[in-house]
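Okay, structure first, notes after.
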């Protein structure tokens with residue numbers, strides 16, 4: 001076999017030395033480069049997986065927060081609507097109270113005005129009655145001084161004329 005190797009130009013000692021050199025380089029690269037590089041890749045892969053898991057968890061939490069936000073906004077809108085309805089109701093009640101109070105004041109003022117008008121009317125009627133009495137006295141005095149047979153017709157005519165003159 002050594003003849004075959006020598007015919008091919010292969011030196012056995014040199015081949016063995018190169019094999020040993022290859023094994024030494026292989027062992028050195030395995031421990032110095034391959035294993036640290038493999039460890040670095042595995043660590044990076046683990047970090048990426050952790051990051052993806054955390055991103056998925058963050059996305060899920062974000063969706064939960066969005067749902068919670070939407071629920072709270074809906075609740076806030078309902079509360080705002082309830083407050084607005086209550087405010088409108090109270091405003092309506094207040095408006096009714098104000099209208100009722102105004103109506104009572106208006107009624108009171110009208111009643112007072114009617115009382116004043118009735119009082120003035122009563123005063124005017126008293127003045128008118130006193131004036132009518134005076135006119136009647138004057139008319140009767142003139143009628144009595146006239147002739148008794150003509151008293152009926154003249155008395156009525158004169159009284160009517162005097163009343164018309166006094167009013168004019």
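The values are calculated or read from the model by the stated rules, or taken from the named source; none is laboratory data. Because the structure is a prediction, the values reported are computed rather than measured. Quick reminder, even Gly has a Cβ in these numbers, built from the backbone with ideal geometry, and neighbours come from all protein chains shown.
Side notes on the structure shown:
- Qualifying residue in segment 42-49 (condition: surrounded by 10 or more Cβ atoms within 10 Å (Cβ to Cβ), in a helix (DSSP H, G or I) and at pLDDT below 95): no
- Scanning segment 133-155 for residues being at pLDDT 70 or above and loosely packed, with under 13 Cβ neighbours inside 10 Å gives a total of 4.
- Close pairs (9 angstrom Cβ cut-off, 6 or more residues apart or separate chains): more than 19 Å from residue 165 (Cβ to Cβ) in segment 130-154, at pLDDT below 65 and surrounded by 10 or more Cβ atoms within 10 Å (Cβ to Cβ) anywhere: 144/151; 151/143
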